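Engineer: Quick one: the structure is below, questions incoming.
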Amino acid sequence: MYIIVIGGGKVGYYLARTLLDEGHEIVVVEKDPARTEFICNELGSVCVRGDGCEVATLTEVGTGRAEMFIAVTGDDEDNLIACQVAKHKFNVPRTVARINNPKNEVIFKELGIDVAVSSTNIILESIQEEVPTHSLTHLLDIRDKGLEIVELKIPADAKTVGKEIRELKLPPESRLFLIIPKQEKPRLPTASTVLQAEDQIIAITTPESEEALRIALRGS
Amino acid sequence: MKIVIMGCGRVGARLAGLLDIEGHDVTIVDTDAYSFRRLSPDFGGTALVGDGMDESSLRKAGIEDAEAFFSLTQGDNRNIMAAQIAKNIFKVPRVLCRVYDPLRRELFNSLGVEAFSPTTIFAQMLKEKLETETEEAK
């Protein structure tokens, strides 16, 4: 597959390297001459110096036949405009933009970018998982449905330990679909399932009722 | 009319002054407070420190009731992105934007952004100026 990567920073460089290893045809467009030279030395002549938002540069690298266009510079506005130029001028079927400011995720979708990846959010979530006291971990976003799959752990001192699921005031948008007890095998929860200390719960919810779900399950 | 301007450079500051004198309710946004020195001393509108590509800054600037939005920063991409936010997310009726690169202006004009390229306009003007004065000299 012919893939164009805009931005030869750390993300762009490692992305290009991975995609090359997978056997794809790659071109990286980078503004900085020293960085361009570095990438060419490391990966072979796959890096072109230029502005990835400029029609002339994109024509030169053959954007018209690209199947995928990925913009991963450090500036959200540059990633947005590069993807829009690729999409509307060159009809690239799939555009992916990196977002640094998580607030821009919705805006990018609204403005027609196929996939918006928020690097800040991904780092935040990975760190959250490592914080032992953090009670809710995001496992997966189902973006087009506005839902997310989360994991919660019931602390030993939670008020809900020993209660049946039917007694909990779960928000209507949330569903529990798996309980992983500390010792036993995972099981599907029913209304009469009793919560135990250290249970891990996998649930589906909307981002808005996440907090309500956390409170319902942990009792605080 | 409520008007929001992003970018308090020479053009932004001057435009803000002109619209303010006409009696419009003008808010000008810039990321650098120092740029507000360019506003005329009798500017009666609001100068706000903030990023014109950020939804919450735009809300603070009153974009929800604005009837017109101008993006006039130094960055073409910033201007186009802010213009699209104003137009598509906040549904501002009139959105005007500066894009130096003539090719980019053309493309985004076709996507519904009302963009102007000072490069094209000024070059054309200079050429016409030269031609008329040459004729006068004859």
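The values are calculated or read from the model by the stated rules, or taken from the named source; none is laboratory data. These numbers were taken from a predicted model, which means no experiment stands behind them. Backbone-built Cβ (ideal geometry, glycine too); neighbour counts: all protein chains shown.
Engineer: Take B:LYS87 and decide whether it is closer than 27 Å to B:ALA33 by Cα and either among the basic types (Lys, Arg) or over 13 Å from the mean Cα position of the chain (by Cα) (or both).
Structural biologist: Criteria met by B:LYS87.
Engineer: Determine whether segment A:119-130 contains at least one residue that is crowded, with 18+ Cβ neighbours inside 10 Å and in contact (Cβ under 8 Å) with a residue 12 or more places away in the chain. Spell out the reasoning first.
Structural biologist: First pass over segment A:119-130, keeping only residues crowded, with 18+ Cβ neighbours inside 10 Å: none.
No; the residues of segment A:119-130 include none that is crowded, with 18+ Cβ neighbours inside 10 Å and in contact (Cβ under 8 Å) with a residue 12 or more places away in the chain.
Engineer: Applying the selection to segment B:67-85, what residues are more than 11 Å from chain A (Cβ to nearest Cβ) and buried (at least 24 other Cβ atoms within 10 Å of the Cβ)?
Structural biologist: Result: B:PHE69, B:PHE70, B:LEU72.
Engineer: Here is a further query. Do you know which residues across segment B:1-54 are within 14 Å of B:SER71 (Cα to Cα) and surrounded by fewer than 17 Cβ atoms within 10 Å (Cβ to Cβ)?
Structural biologist: B:GLY9, B:ARG10, B:VAL11, B:ARG14, listed by residue number.
Engineer: So, in segment A:194-215, exactly how many residues are free of Cβ contacts under 8 Å to residues at least 40 places away in the same chain and touching an Asp or Glu at 6+ places or on another chain (Cβ under 7 Å)?
Structural biologist: Qualifying residue count for the region: 2.
Engineer: Let me ask you something else. Take the residues in segment B:45-66 that are in contact with a strand residue (DSSP E or B) (Cβ under 8 Å, 6 or more places away or on another chain), in contact (Cβ under 8 Å) with a residue 24 or more places away in the chain and away from every other protein chain (no Cβ under 14 Å); name whichever of them is nearest to B:ILE3 (Cα to Cα).
Structural biologist: B:ALA66
Every residue, every condition in (1) more than 26 Å from the chain's Cα centre (by Cα); (2) surrounded by fewer than 18 Cβ atoms within 10 Å (Cβ to Cβ), yes or no:
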site	(1), (2)
A:THR18	no, yes
A:ARG35	yes, no
A:THR59	yes, yes
A:CYS83	no, no
A:ASN104	no, no
A:LYS109	no, yes
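Engineer: Would you be able to say whether some residue in segment A:157-165 is surrounded by 15 or more Cβ atoms within 10 Å (Cβ to Cβ), touching a Lys or Arg at 6+ places or on another chain (Cβ under 8 Å) and not assigned by TED's automatic domain parsing to the domain that holds A:LYS109?
Structural biologist: yes
Engineer: Can you name the number of the only condition in (1) more than 10 Å from chain A (Cβ to nearest Cβ); (2) of a type in the set (A, V, I, L, M); (3) surrounded by fewer than 17 Cβ atoms within 10 Å (Cβ to Cβ) that B:ILE89 fails?
Structural biologist: Of the numbered conditions (1) more than 10 Å from chain A (Cβ to nearest Cβ); (2) of a type in the set (A, V, I, L, M); (3) surrounded by fewer than 17 Cβ atoms within 10 Å (Cβ to Cβ), the odd one out for B:ILE89 is (1).
Engineer: With (1) surrounded by 14 or more Cβ atoms within 10 Å (Cβ to Cβ); (2) at pLDDT 95 or above; (3) of a type outside the set (A, V, I, L, M, F, W, C) as the list, and A:GLU67 as the residue in question, which single condition is left unmet?
Structural biologist: Result: A:GLU67 passes all but (1).
Engineer: Which residues, counting only those in segment A:111-129, are over 23 Å from B:GLN84 (Cα atoms) and more than 13 Å from the chain's Cα centre (by Cα)?
Structural biologist: Correct list: A:ILE127, A:GLN128, A:GLU129.
Engineer: Another question, then. Would you list the helices (runs of 4 or more DSSP H) that sit entirely within segment A:7-120 and hold 2 or more residues that are within 13 Å of another protein chain (Cβ to nearest Cβ) and either among the aliphatic types (A, V, I, L, M) or in contact with a strand residue (DSSP E or B) (Cβ under 8 Å, 6 or more places away or on another chain) (or both)?
Structural biologist: On the way: elements: A:10-21, A:33-43, A:55-60, A:76-90, A:104-110.
So the answer is A:55-60, A:76-90, A:104-110.
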